Every structure is written in C-alpha cells, then in structure tokens.
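In what follows, a structure is listed as structure tokens, so that the remarks can point back to it.
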Amino acid sequence: MKVSMTINGRSVDADVEPRTLLVHFIRNDVGLTGTNVGCDTTNCGACTILMDGESVKSCTVLAVQADGASITTIEGLAEPDGPMHPMQEAFRENHALQCGYCTPGMVMAAVSLLQENPSPTEAEVREGLEGNLCRCTGYHNIVKAVLAAASAPGGPK
Amino acid sequence: MIPAAFEYARAGSVDEAISLLSEHGEDAKVLAGGHSLLPLMKLRLATPSALIDVGRLQELSYVRDAGDRIAIGALTRHRDLQVSDELARSAPIVSHVAGLVGDPQVRHRGTIGGSVAHGDPASDLPAVVLALDGELVIRGPAGERVVPASEFFHGFLETAIGPDELLVEIRLRKTQGGWSYQKFNRRAQDWATVGVAVARTDGTPAVALVNMGATPLRAAAVESALAAGASPAEAAESAAEGADPSSDIQASAEFRRHLARVLVRRGLEEAGV
Ligand SMILES: Cc1cc2nc3c(=O)[nH]c(=O)nc-3n(C[C@H](O)[C@H](O)[C@H](O)COP(=O)(O)OP(=O)(O)OC[C@H]3O[C@@H](n4cnc5c(N)ncnc54)[C@H](O)[C@@H]3O)c2cc1C
Ligand code: FES
Ligand code: FES
C-alpha cells in the first residue's frame, strides 16, 4: 500500500506491506536509525517519536496509520551541523545518559512533555516520563535535565 | 515482532466502516488506536484477516453536553478526555481516570471506544462507564441500537458488539459531588491489579470494580448496604461479594478480594460518602 508522510521535514513516499511497523519503516526503509527498538512490546519507550507533534511508541503504530502524518525523530530535532536542540543540550549538560540506548526515546518523550506542560514540577516530569524505561536507571539526571530544559532561557522548544 | 499479514482498509466515514466490515467478513477487526490490538497481533495472539482502520474518523472524536448526559465519541483519545473542559465540568472522574491509563504515549493513541470494545476487565475506563450507567451506541448494517453498560460486557474480551458493528458513542450520566478512583498497581505504567470507581449520579453512590472477574462489575452488595444505611467501612466489607477474581502473576484471588475491600473503603471515604 502506498504511503506518504513527512519525516523531519522531508517528504517520503513508499509502498509498504500493511503490517510494516512504523519503527521498522523509519529505520529500515528510510534509513534513520536513531530511533531504537528496546522491548518491542510498548513498554520501554525507546522507539518514541513525535507523530503530528505528540509522542507515540513507533513499535505500536503501523506505517499505514502514519500515512499523511508529520513525523519527527531524534535526527530531526537539530540540523546536522547546527547547535543541538535545548533538550539534547540539557541531557548533555546534566549527564542524563549512560549507555545512551533509551536516550532518543527519552528526549522525544521529554520534548512532547514540555509542549503539553511547559513548566512542570519534578513530580510531573517523573510522571510524564513513566512510559520510558532507562535500563542504566539514570532517572535522577534525566529528570534534572528536563527541568533544566524547561527553565532554560528562551524556554522549551 | 511483526504481525501476520492482513488486508488493510481505511474508512472515510462511519457508513463506509460498516460496509467494509460486512464486506471483509467475520475475521476482520476494527482498528482504532491500535494500543490493545497491535500488541496482540505482534504476539500473534490475534490474527485478523483484515483491519478496518477507523482511527481518522474525526466525526467520532468529541465530548458533548447532551442534557442529563454527556456524549463521548468512540474515537476520542485518552489524552483528549484528560484535557476536556466539558468533562472537567460534568464528569471529572472520566478525565482523571483517562489520565491514569498507561503512559502519555499510550494516551496519545488509545481511544475510549477501543478501551470499552476490547472488553478487558483490567481496563480502567470500562468500570467508570459502568459506574456512570453508561449507554453504548452501536451502529451496524441494520441501523443503530443502544445497549446499557450493565448488558454490554459479556465475558473476558467479549462484548455486545457484533462482528459487523461499530461502537460510535458512549453516553454517561453526569456526576454530582464527590467521586474517587482507586487504582492499585505495582509499577506506574501497569494495569490495575484491582481498581475501584466510586461516583454519585443521583441517590446512592455507584461502585464499580476493575479486575475482579471476567468483566468489570458493579459492587452491588456494597451499593445496597449503603442504601440500607451501612457506614462506608461496613459496606466495604462486602466489596468482593459475587466477584470472581483470578490468580495471576500480579496477585492471588484472595489478595484481590482483600484489595477490593480496602480500596472500596478508601474510595467511599475519598468520595465523601
Ligand atoms: C503499554 C500499555 C499500557 C496500557 N495501560 C493501560 C492501563 O493502565 N489501563 C487501561 O485501561 N488500558 C491500558 N492500556 C490499553 C489502552 O487503554 C488502549 O488504548 C485501549 O485499551 C484500546 O484502545 P485503542 O483505541 O488503542 O483500541 P484498539 O487496539 O484499536 O482496539 C481494541 C479492540 O477494540 C475493537 N474496537 C476498537 N474501537 C472500536 C469501535 N469503535 N467499535 C468496535 N470495535 C472497536 C478492536 O477491533 C479491538 O478488538 C495500555 C496499553 C498499552 C500498550
Ligand atoms: S520498543 Fe517500542 S516501547 Fe519498547
Ligand atoms: S542510559 Fe542506558 S538505558 Fe538509559
């Protein structure tokens, strides 16, 4: 089945089997491998991307469901040689990653969280990231990074 | 994990969805948010021959004041329930419970219609629908029918919806005064080990139970004890009466009965009964 969507501002047309998962489409067909697959069972959030601006777990969306949608992956947050997105910068500053496997999904979930709630409390950040697991268990610094991004000059993006 | 192959058709309207369902026969399934169905398909526990995608039917995404009830379109997503001004006014328990479903990513995709149609007794919103004397509006080739929530849940993952029918609307009574939702689970994003919804629509409080049997249940013994003048603590003692909870990796049946009694008492107290 033919699908066309915008991924990180670029329009993509393809012919996919209906059972193709969006995460596989993004990684294997489009070649954007920043989005990880962790659990493959909708629990860990490693595969989180933005679909029409909202965080979703792309292992549990069919590519055909994203037909016509606007998708942002971790690669789309900043230009390849431009400055990092404020959320990425905050993760770096606050040492919010260890092995880095959960990081793309964490960052995308955090961006969506601040869009819905630009100045969250610490508890709201923790709850807002409940769909993302960090196997290195570095939650403390992840929460610190999100709070830092929320209060960064110019505010969250 | 990749689902088994299926045919895919996207419905542009409710009528088209119903004719696509008839056309594709018994093994076709409706696809709403996909957050119950796709995980089952990835595990190959479900292998529908065709998916009829209704996910884009904007006409079924709304929360409206309908006089003494509120009408909610079946395709309204959990996130939209969470932030609905109408629900904040007339049935805040619905927004609150929608905000407890899964995690933000799940709430961005999952719908109230999918939650109710799936018929999983561990789901949160079906118990609220039961407590608020919900009416389920179902449309099929023969037209529309309205099924009361008390007759809608037939068994584990079984409801009154026929294979060629679509759930289109959920009508709930408005709440008056205090309410409570008690969800007991071990990890933040988990389903309820046991859950309890308490709400007052008129007269005595309605009490509904999550995960205490094959379907969501009304705690009838608690409700009649309250009507007969029992205190919340006394009434809560009969919370597990008539329930038939299962034993699984989360809890034994006996622990679930205990939780039901404790959570009903807390729920009644929080609701100010
Ligand atoms: C990680 C995770 C955690 C979750 N945690 C919770 C939780 O804590 N509490 C909770 O209650 N739920 C939880 N859920 C389930 C979530 O609420 C689902 O969104 C919901 O159960 C199904 O809604 P859906 O729109 O995704 O339905 P789908 O998956 O699209 O459909 C589910 C079933 O209903 C049928 N269906 C859907 N819509 C209609 C319709 N309009 N008419 C007729 N049939 C229809 C489908 O054919 C299918 O059989 C969780 C899900 C995940 C993935
Ligand atoms: S890989 Fe999608 S949630 Fe874990
Ligand atoms: S940094 Fe290793 S999983 Fe989170």
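The values are calculated or read from the model by the stated rules, or taken from the named source; none is laboratory data. Note that the structure is predicted; figures quoted are calculated from it, not measured. Cβ sites come from the backbone with ideal geometry, for glycine too, and all protein chains shown count toward neighbours.
Some observations on this one:
- Checking A:116, A:122 one by one, the residue that is among the charged types (D, E, K, R) and surrounded by 15 or more Cβ atoms within 10 Å (Cβ to Cβ) is A:116 and no other.
- Just one of the listed residues (A:116, A:93, A:127) is at negative phi, among the charged types (D, E, K, R) and more than 13 Å from chain B (Cβ to nearest Cβ), namely A:93.
- Options A:29, A:40, A:67; residue that is within 16 Å of ligand 2 (Cβ to nearest atom) and closer than 19 Å to residue B:2 by Cβ: A:40
- Yes/no for residue B:120 being at pLDDT 95 or above and either of a type outside the set (Gly, Ala, Ser) or at negative phi (or both): yes
- Any chance residue B:87 is in contact with a Leu (Cβ under 7 Å, 6 or more places away or on another chain), of a type outside the set (Gly, Ala, Ser) and at the interface with chain A (Cβ under 10 Å from one of its Cβ atoms): no
- Here residue A:73 meets the list (1) facing chain B (nearest Cβ under 10 Å); (2) touching a strand residue (DSSP E or B) at 6+ places or on another chain (Cβ under 7 Å); (3) buried (at least 19 other Cβ atoms within 10 Å of the Cβ) almost entirely, failing just condition (1).
- Residues of the stretch A:117-157 satisfying the condition of being within 19 Å of residue A:77 (Cβ to Cβ) and among the β-branched types (Val, Ile, Thr): A:125, A:142, A:146
- Residues being under 14 Å from residue B:211 (Cβ atoms), in contact (Cβ under 8 Å) with a residue 12 or more places away in the chain and of a type in the set (D, E, K, R) - total across the stretch B:237-272: 3
- Criterion (in contact with a strand residue (DSSP E or B) (Cβ under 8 Å, 6 or more places away or on another chain), over 28 Å from residue A:19 (Cβ atoms) and surrounded by 20 or more Cβ atoms within 10 Å (Cβ to Cβ)) met by exactly one of B:53, B:133, B:124: B:124
- Single match in B:127, B:122 (criterion: away from ligand 2 (no atom under 16 Å from the Cβ), in the same structural domain as residue B:77 (by TED's automatic domain parsing), touching a Gly at 6+ places or on another chain (Cβ under 9 Å) and over 24 Å from residue A:61 (Cα atoms)): B:127
- Of all residues in the stretch B:132-172, those being touching a helix residue (DSSP H, G or I) at 6+ places or on another chain (Cβ under 8 Å) and not polar (S, T, N, Q) number 23.
- All strands (runs of 3 or more DSSP E) inside the stretch B:1-56 with 1 or more residues being away from chain A (no Cβ under 12 Å) and either in contact with a Leu (Cβ under 6 Å, 6 or more places away or on another chain) or β-branched (Val, Ile, Thr) (or both): B:28-31
- Residues that are out of contact with any Lys or Arg (no Cβ under 9 Å at 6 or more places or on another chain) and of a type in the set (A, V, I, L, M, F, W, C) were ranked within the stretch A:31-62; the one that is nearest to ligand 1 (Cβ to nearest atom) is A:39.
- Only residues that are surrounded by fewer than 22 Cβ atoms within 10 Å (Cβ to Cβ) and either in contact with a Leu (Cβ under 8 Å, 6 or more places away or on another chain) or modelled with pLDDT of 95 or more (or both) were counted in the stretch B:183-199, giving 3.
- Of all residues in the stretch A:1-37 being β-branched (Val, Ile, Thr) and without any contact (Cβ under 8 Å) to a residue 40 or more places away in the chain, the one that is surrounded by the fewest Cβ atoms within 10 Å (Cβ to Cβ): A:33
- Considered as a group, the residues in the stretch A:125-157 that are assigned to a helix (DSSP H, G or I) and within 16 Å of ligand 1 (Cβ to nearest atom) include one that is farthest from residue B:80 (Cα to Cα), and that residue is A:127.
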